[in-house]
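What follows draws every value from the coordinates through simple rules; no lab data is involved. Quantities reported herein were computed from a predicted structural model and do not represent experimental measurements. Because the Cβ atoms are built from the backbone with ideal geometry, glycine has one as well, and the counts that use them run over all protein chains shown.
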Amino acid sequence: MKKKLSKKELKDFKKIILKKKDEVLDDIKHITEDTLKKSQKEASGDISGYTYHMADVATDNYDREFSLGLASNERGSLYELDDALKRIEDESFGFCDDCKGPIAKIRLKAVPSARLCIKCQEKREKR
C-alpha cells in the first residue's frame with residue numbers, strides 16, 4: 001500500500017515549491033528585462049557613434065536568442081512547479097508516475113517537481 005505524505009510534509013513541500021516558483025519568476029523577469037533593454041538600445045539606433053559591425057549584430061542576436069531560450073526553459077520549470085502544486089492538492093504528490101511507488105523525500109527536497117523515483121528516472125535516461 002502507498003504511504004502518503006503527512007499533511008505537515010505536504011505543507012512543507014508546498015512552501016519549498018512556492019519559494020522555488022518565486023525564484024523562477026524572478027529569473028524570468030530579469031532575463032526578459034535585460035533582453036528588452038538590449039533590444040530597445042538597438043532599436044533606438046544608439047550605437048554611440050561607432051560603426052556597428054555585422055559580427056557585433058550577430059553576437060547580439062545570438063545573446064538575445066540565448067536569453068530567450070533561458071526564459072523559455074524557466075517557463076518550463078514554472079509549469080513543472082505548478083504541476084507539483086496540483087499533485088499536492090490531489091494528494092498524488094510524492095509518488096512515481098511509472099512504478100507508483102513513493103519518491104524519496106530527499107529527492108523531492110532537491111527536485112520538488114520530480115515525477116519519478118530514482119530507479120525509474122535512471123531507466124528513462126538509459127533509453
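Here's the picture: a label point sits 7 Å out from the Cα of K126 along the beta-carbon direction, and within segment 100-118 nothing has its amide nitrogen under 12 Å of it.
Measuring between alpha carbons in the structure, the pairs from K4/K119; K11/K123; K29/K119 lying more than 28 angstrom apart are K11/K123; K29/K119.
On a full-extension model of 0.36 nm per residue, what is the gain between F66 and K8, subtracting their alpha-carbon distance, rounded to one decimal in nm?
Numbers: separation 58, 0.36 × 58 = 20.88 nm, distance 4.02 nm.
Taking 0.36 nm per residue and subtracting the Cα distance, the gain is 16.9 nm.
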